[in-house]
Amino acid sequence: MARPREQTKRREELIAAASSAMLLHGSNGLRLADIAKEAGLTSASVLYYYPDVRELYTAVFAQGSDEYCRHREERVEAAATPEAKLAECIASGIPWPGRAEETSRILYELTPIVLRNPVAAAENAALIQRQVALYERVLLECAESGRFRLLQPADVLARSFIALEDGYGVDVLTGDLAPETEQQWLMDYARIMVAAV
């Protein structure tokens, strides 16, 4: 039996391997053997650490969610003014080419597990709430600056931004929409709903 520290390390390696395999094969085509190959293990070894592969997918989702949110929070915190924070909040939610696209793609690929697994559903709810809280803080800063008026309550607007990001994000990942267009549309929505006074 592996020691706890080794188990933790191996589980982290399996999460990374499953993430890479997910990007290569997608959730529909992903097999346990693909994850094992990516990790340099046998399928039986993967099942030793994750007897239920859905638990592994949930761990991948949780790690991806945390990475995604930390990236957003760091970009917003680095901005100096409320309007700059709102622009960064919007830009950081778009699946731009590179790591942002990869992380977004993994989260979208795992949507089916969220619909059928209560633990994954709770992770998804936490992901949404963390993003809503970020938007809500930024929107309240805009309102408190005295330079902007919110046309809906901050929590409603925050949830609306997330819904728009999620919808447009799929179009970006499928190539039907350029990330620059998503950014423009979200900024247009912001100019309407976060009105300058």
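Relative to the longest principal axis of the Cα atoms of the chain, the long axis of helix 53-78 makes an angle of roughly 30 degrees.
For percent of Cα pairs over 25 Å apart, the value calculated from this model appears in [x] 42; [y] 53; [z] 47 under label [x]. Between the Cα long axis of helix 82-91 and the first principal axis of the chain there is an angle of about 40°, rounded to the nearest 10.
The HN-Hα couplings worked out from phi for segment 149-165 by the Karplus form 6.51 cos²θ - 1.76 cosθ + 1.60 (θ = phi - 60°) are 10, 7, 8, 9, x, 4, 5, 5, 4, 4, 5, 5, 4, 5, 4, 5, 4 Hz, whole numbers, x standing for Gly and Pro.
Sorting the segments 129-139, 74-84, 34-44 by their residues' average number of neighbouring beta-carbon atoms within 10 angstrom, most packed first, yields 129-139, 34-44, 74-84. When a 1.4 Å probe is rolled over the protein heavy atoms, the share of accessible surface on the chain that falls to carbon and sulfur comes to 54 percent. Using the Karplus relation 6.51 cos²θ - 1.76 cosθ + 1.60 with θ = phi - 60°, the per-residue 3J(HN,Hα) values for segment 172-177 come to 5, 5, 8, x, 7, 8 Hz, with x marking Gly and Pro.
With every protein chain left in place, what is the accessible area per residue of the chain in square angstrom, probe 1.4 Å? Can you show the working numbers first?
Numbers: 10380 Å² over 197 residues.
For the chain, the per-residue accessible area is 53 Å².
Karplus-derived 3J(HN,Hα) values for segment 186-197, using 6.51 cos²θ - 1.76 cosθ + 1.60 with θ = phi - 60°, are 5, 5, 4, 4, 4, 5, 6, 8, 10, 6, 5, 10 Hz; glycine and proline are entered as x.
The values are calculated or read from the model by the stated rules, or taken from the named source; none is laboratory data. Bear in mind the structure is a predicted one, so any value in this text is a computation, not a measurement. All Cβ positions, even for glycine, are placed from backbone atoms using ideal geometry, and neighbour counts span all protein chains on display. Surface accessibility is based on the protein's heavy atoms, side chains included, excluding ligands, DNA and RNA. Shrake-Rupley method; radii C 1.70, N 1.55, O 1.52, S 1.80 Å.
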